[in-house]
There are 2 protein chains.
Amino acid sequence: VNLKKYYKAEVSFGFFVFELPRGTRDFSPDDMYARRFIENKLRQVFQSFGYTEVQTPTFEHLDLFTAKSGDQIIDEIYSFTDKGGRNLALRPELTAPVIRFYVDRFQMEAKPLKFFYFGNCYRYDRPQKGRYREFTQAGCELIGTNTPEAIAELISMAYALVRSVGLEKINLEIGDLTVLNLFFNVFNISSDLKDELIPLIDKQDFDSIREVLQDHDFSLQDIDQFISILQPRTISEFQLFLLKYKDKNAQIDISRLNSVLTLIQDCFSIQDVQVNLGIVRGLEYYSGIVFEIEAPSLGAEKQICGGGEYELLPLFNTRNVPTAGFALGFDRTILAMEMEKKAMPVDSLDYFIIPVSEEMISYALSIAQKLRSSSLKVDIDLMRRGIGKSLKYANKRNVAFAIIIGEDEFEKKAVLLRDMDSGKQELVSLEDLLNKYKQ
Amino acid sequence: VNLKKYYKAEVSFGFFVFELPRGTRDFSPDDMYARRFIENKLRQVFQSFGYTEVQTPTFEHLDLFTAKSGDQIIDEIYSFTDKGGRNLALRPELTAPVIRFYVDRFQMEAKPLKFFYFGNCYRYDRPQKGRYREFTQAGCELIGTNTPEAIAELISMAYALVRSVGLEKINLEIGDLTVLNLFFNVFNISSDLKDELIPLIDKQDFDSIREVLQDHDFSLQDIDQFISILQPRTISEFQLFLLKYKDKNAQIDISRLNSVLTLIQDCFSIQDVQVNLGIVRGLEYYSGIVFEIEAPSLGAEKQICGGGEYELLPLFNTRNVPTAGFALGFDRTILAMEMEKKAMPVDSLDYFIIPVSEEMISYALSIAQKLRSSSLKVDIDLMRRGIGKSLKYANKRNVAFAIIIGEDEFEKKAVLLRDMDSGKQELVSLEDLLNKYKQ
């Protein structure tokens with residue numbers, strides 16, 4: 001009764017209220033089959049590197065995110081007050097929650113901690129291709145070590161994740177905020193000027209960088225040199241380039257970065273890597289070595305992975321240990337796979353069982369149950385619609401074999417097995433059919 | 001700089017803002033390993049029954065849920081207004097969203113549609129054991145058929161899901177709102193009185209039922225008979241019980257229910273099932289056959305699964321087809337497994353590699369990478385902490401074998417393989433180690 005009243009009201013208002021919320025998505029069986037397949041591939045890579053999975057709630061206290069990213073993040077966050085007056089927010093990212101979890105429960109555990117996770121995140125953004133209001137991220141945090149081998153392994157794992165789903169057209173670029181700072185010193189760039197430049201460097205807005213430096217009376221030669229520092233280079237190009245600064249009255253010590261780069265190349269066998277000191281990451285909390293992986297096929301929203309070393313623990317009034325991590329955009333990874341025309345895995349059924357008459361339903365169900373107990377995917381006609389229509393339905397469901405059961409088959413304790421590809425049919429005894437899967 | 005300012009403010013206020021939101025949970029690596037294992041078990045069962053996975057957004061328009069469950073649900077829902085003025089709600093359940101998805105995209109598809117899903121749901125409830133503000137549900141919807149075999153298969157799948165994770169102490173009870181209505185007619189119970197009784201029946205509050213019927217001048221004999229209808233019985237007890245009504249000037253036609261019960265017993269081989277016409281489910285939208293699975297070990301919050309046939313499509317101003325489904329409480333299922341002392345699966349590492357000195361790190365990393373490419377779980381000492389401490393760490397990580405690499409091993413192109421259980425060590429050539437996993 002209640003329902004009918006509402007239904008009438010809805011019709012009388014003349015609009016249809018039950019829409020998908022703007023910027024969100026439903027996923028069909030085809031979507032989900034591919035998404036779970038990819039999720040499992042990624043999980044396997046995380047686990048092969050000794051990372052273990054964690055999960056945090058979908059919402060957190062709003063403070064956690066404003067503390068990390070500043071009040072301006074409120075503009076793009078889904079925040080709300082719960083019935084107990086708490087200011088909560090749908091998480092826009094997963095690092096702050098995982099670090100909160102670490103502080104709560106794992107501070108006393110043996111280091112390093114290697115956590116990975118999958119989770120949905122939320123941003124109130126203008127929806128567009130590759131940008132949704134609810135999106136899925138994979139990611140990880142490495143807590144308690146910052147040796148070159150630890151950072152090299154972290155970056156190599158990001159690369160391995162992206163490659164594990166078959167992506168080939170990707171760019172891995174590594175930056176180093178410590179080394180960039182050394183260059184700021186070489187050029188006598190003040191702390192204020194640095195704060196002005198960082199966002200421009202992040203945007204690769206070289207014209208504006210040039211203007212700002214001109215305004216501060218830098219020589220054209222210095223400006224050219226500074227901008228050339230921010231260009232991507234192969235590892236060997238980068239090492240050659242650095243020789244220029246040997247005589248510049250400054251020690252540009254990049255031994256740590258060099259160790260990381262060498263390990264990535266030699267031990268993790270990644271050749272298509274570039275050094276780009278212009279990679280500073282959008283967020284203020286990064287420090288040390290940072291990196292990004294792009295899929296240029298995606299156009300404007302081409303970054304599919306990014307991360308590096310960061311400082312977040314001071315916020316928690318707790319003992320500081322090294323932290324690093326990265327986030328991998330799950331949705332963009334799938335978009336990139338589509339751009340590269342990677343074949344997505346397709347779901348199928350092992351058997352579709354068709355009882356020819358009502359009397360055969362019991363026998364058909366029993367056979368279905370026996371096959372299912374061997375972990376096979378088995379469906380059965382539940383609409384009593386006859387052979388023709390059932391075969392048509394089975395075709396749509398991507399079935400390997402149809403099992404047709406009439407009185408003849410029942411009496412012979414057999415089934416008529418139809419290969420859905422070739423259309424060939426043969427009578428098979430029930431015993432033979434089931435024995436195939438016994439172990 | 002920004003961060004430090006905040007950090008100081010926090011300390012001066014003297015409280016710690018970064019708490020887990022009330023009623024929510026973090027999941028540790030041990031938790032997640034078990035949860036993913038159980039999720040995969042359940043997914044395999046859904047798939048073996050020919051169901052395919054779908055996913056909908058975490059939030060929906062609030063209207064969707066108030067239309068289904070009435071305005072009173074707002075009291076226990078997380079609702080909020082987004083920056084575009086939309087009234088949204090974190091989903092309290094998954095059936096309405098999945099039916100919305102069906103109406104949007106699958107109305108023209110061949111029937112039946114068999115959808116399953118996993119998703120987090122949200123209720124603003126007083127948190128207690130087995131009741132969280134964010135909780136995980138598994139579930140499914142069967143759209144387009146209501147033959148006895150379809151309903152029997154649905155209920156049997158629910159039972160198979162619960163059994164697949166090893167639960168043994170469970171009760172499956174099946175009710176039928178159509179049959180219950182027939183009994184209402186037999187006893188001349190008016191529609192208003194029925195509305196009064198249904199919530200009491202749902203709560204199994206027999207004292208109040210007795211009172212209400214007395215107030216309406218029912219004879220003590222009729223009251224006893226009516227209450228006896230609402231008791232759980234085995235299938236054969238139920239069939240015997242029905243004979244009483246043969247002479248009661250009424251056709252109690254339970255042939256459909258009987259067909260479903262017979263199929264469940266005979267084809268799906270489920271013996272421990274009871275008929276309980278007192279199962280009416282809390283929600284108004286159920287119709288026809290309904291069921292519940294309880295794990296009595298859980299005490300007050302013992303229901304782990306429930307569902308049945310329902311009417312939701314009329315709400316969508318669209319062609320009505322039969323719908324049925326159920327929800328399985330993922331968290332309660334795990335609690336019930338713990339109560340039954342089921343061993344939870346435990347994560348492990350295949351290898352933990354220990355470079356004895358800094359010079360061995362490259363060689364160690366290369367070996368790690370080679371083993372990882374065979375999908376093995378391999379970790380490596382990233383803290384340069386020496387053999388003793390590394391072995392201690394490896395022990396905590398549940399490692400099968402440690403691989404110790406010193407200069408001797410390096411020169412012999414070998415590794416020292418240590419069985420972490422027995423402590424036995426042997427020198428193994430790198431070739432032999434890697435060949436073990438080549439295919």
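Of note:
- As an equivalent ellipsoid, the protein assembly as shown spans semi-axes of 56, 33, 26 angstrom, where each value is the square root of five times an eigenvalue of the C-alpha gyration tensor, largest first.
- Hits among aspartates and glutamates - C-alpha to C-alpha of A:LYS389 under 13 Å, sequence gap 8 or more where chains match: A:ASP381
- Set of the stretch A:154-174 residues, backbone N closer than 11 Å to the point 7 Å along the Cα-Cβ line of A:ASP272: A:163, A:167-172
- The stretch A:173-239 - Debye-derived log10 I(q)/I(0), Cα point model, q = 0.20 Å⁻¹: -0.83
- Protein-only accessible surface at a 1.4 angstrom probe places the residues B:LEU154, A:LEU416 in the order A:LEU416, B:LEU154, largest first.
- With its label point put 7 Å out from Cα toward Cβ, A:SER219 sits 11.5 nm from the same residue's point in the other copies, in order from shortest.
- Environment charge at B:SER374 (Cβ cut-off 10 Å; Lys +1, Arg +1, Asp -1, Glu -1): +3
- Per residue, in Å², the accessible surface of the protein assembly as shown once ligands and nucleic acids are set aside, probe 1.4 Å: 43
- Local electrostatic count at A:ILE279 - Lys and Arg +1, Asp and Glu -1, tallied over other residues with Cβ under 11 Å: -4
- Rounded to the nearest 10 square angstrom, B:ASP192 shows an accessible area of 120 square angstrom against a 1.4 Å probe.
- Averaged over the residues of peptide B:97-107, the number of Cβ atoms from other protein chains lying within 10 Å of each residue's Cβ is 2.
- Cα centre as origin, Lys/Arg/Asp/Glu Cβ charges: the stretch B:209-327 dipole, Debye: 300
- Most fluctuating residue given options B:LYS203, B:LYS83, B:LYS114, as computed from a GNM of chain B linking Cα atoms under 10 Å: B:LYS83
- Taking all Cα pairs closer than 8 Å and separated by 6 or more residues, the relative contact order of chain A comes to 15 percent.
- Inter-chain neighbour count for B:55-68: the average number of beta-carbon atoms from partner chains within 10 Å of each residue's beta-carbon is 6.
- Gaussian network model of chain A, springs between alpha carbon atoms under 10 Å - residue of A:VAL321, A:VAL428, A:VAL260 with greatest fluctuation: A:VAL428
- Of interest is the spacing of the C-alpha centroids, which for the stretch B:326-347 and the stretch B:47-79 amounts to 24 Å.
- Helix A:386-396 axis, angle to chain A major axis (alpha carbon atoms, nearest 10°): 10
- Three-way shape label, the stretch B:360-439, alpha-carbon gyration tensor, a/c 1.5: rounded
- Between B:VAL346 and B:THR262, the simple spin-label model (points 7 angstrom out along Cα→Cβ) gives 5.0 nm.
- Spacing of the two label points (7 Å from each Cα toward its C-beta) at A:LYS424 and A:ASP125, in nm: 5.2
- Inter-copy spacing of A:ASN181 label points, which lie 7 Å from Cα along Cα→Cβ, given in nm from shortest upward: 7.4
- Cleavage-rule hits, trypsin sites (Lys or Arg not before Pro), the stretch A:334-429, DSSP coil, Cβ neighbours within 10 Å at most 16: A:LYS341, A:LYS342, A:ARG384, A:ARG385, A:LYS412, A:LYS413, A:LYS424
- Across every direction, the projection of the convex hull enclosing the Cα atoms of the stretch A:105-160 has a mean area of 5.6 nm².
- For the stretch A:146-208, alpha-carbon Rg relative to the globular expectation (2.2 N^0.38 Å, N residues): 1.51
- Shape of the stretch A:69-178, Cα gyration tensor, a/c cut at 1.5: oblate
- Where chain B is carried onto chain A by rotation, the Cβ closest to that axis, with its residue and distance in Å, is B:PHE80, 2.
- The local environment of B:ARG126, defined by Cβ-Cβ distances under 15 Å, has a net charge of +1 under the rule Lys, Arg +1 and Asp, Glu -1.
- Inter-copy separations for A:ASP408, label at 7 Å along Cα-Cβ, nm, ascending: 7.5
- Taking every DSSP bridge with both residues inside the protein assembly as shown, close to 80 percent are antiparallel.
- When B:LEU20, B:LEU88 are compared by accessible area of protein heavy atoms, the largest-first order is B:LEU20, B:LEU88, using a 1.4 Å probe.
- Only protein heavy atoms count here, probed at 1.4 Å, and on that basis chains A and B bury about 9700 Å² of accessible area in total.
- GNM top mover of B:GLY84, B:GLY144, B:GLY306 - chain B, alpha-carbon springs below 10 Å: B:GLY84
- Stokes-Einstein diffusion coefficient of the stretch B:252-379, Kirkwood radius over Cα pairs, 20 °C, 1.002 mPa s, in µm²/s: 107
- For chain A: rounded, prolate or oblate by the Cα gyration tensor [a/c cutoff 1.5]: prolate
- Each of B:LEU257, B:LEU243 has its accessible area taken with a 1.4 Å probe; listed largest first, they run B:LEU243, B:LEU257.
- Average silhouette area of the stretch A:329-401, convex hull of alpha-carbon atoms, in square nanometres: 6.7
- Label zone at A:ILE387 (point 7 Å along Cα-to-Cβ), backbone N below 13 Å, the stretch A:421-438: A:424-427
- When the pairs B:LYS41/B:LYS436; A:LYS341/B:LYS114; A:LYS111/B:LYS377; B:LYS413/B:LYS438 are compared against a 21 Å limit on Cα-Cα distance, B:LYS41/B:LYS436; A:LYS341/B:LYS114 fall above it.
- Rounded tilt (10° steps) of A:177-186 against the dominant C-alpha axis of chain A: 20
- Cα centroid separation - the stretch B:98-141 against the stretch A:401-434, whole Å: 37
- Additional length obtainable on full extension of the chain from A:ASP31 to A:GLU311, 0.36 nm per residue less Cα span: 97.1 nm
- Fully extended contour minus Cα-Cα distance, from B:SER164 to B:GLU338, at 0.36 nm per residue: 61.2 nm
The values are calculated or read from the model by the stated rules, or taken from the named source; none is laboratory data. Because the structure is a prediction, the values reported are computed rather than measured. Quick reminder, even Gly has a Cβ in these numbers, built from the backbone with ideal geometry, and neighbours come from all protein chains shown. Note: areas computed on protein heavy atoms with side chains; ligands, DNA, RNA excluded. Shrake-Rupley method; radii C 1.70, N 1.55, O 1.52, S 1.80 Å.
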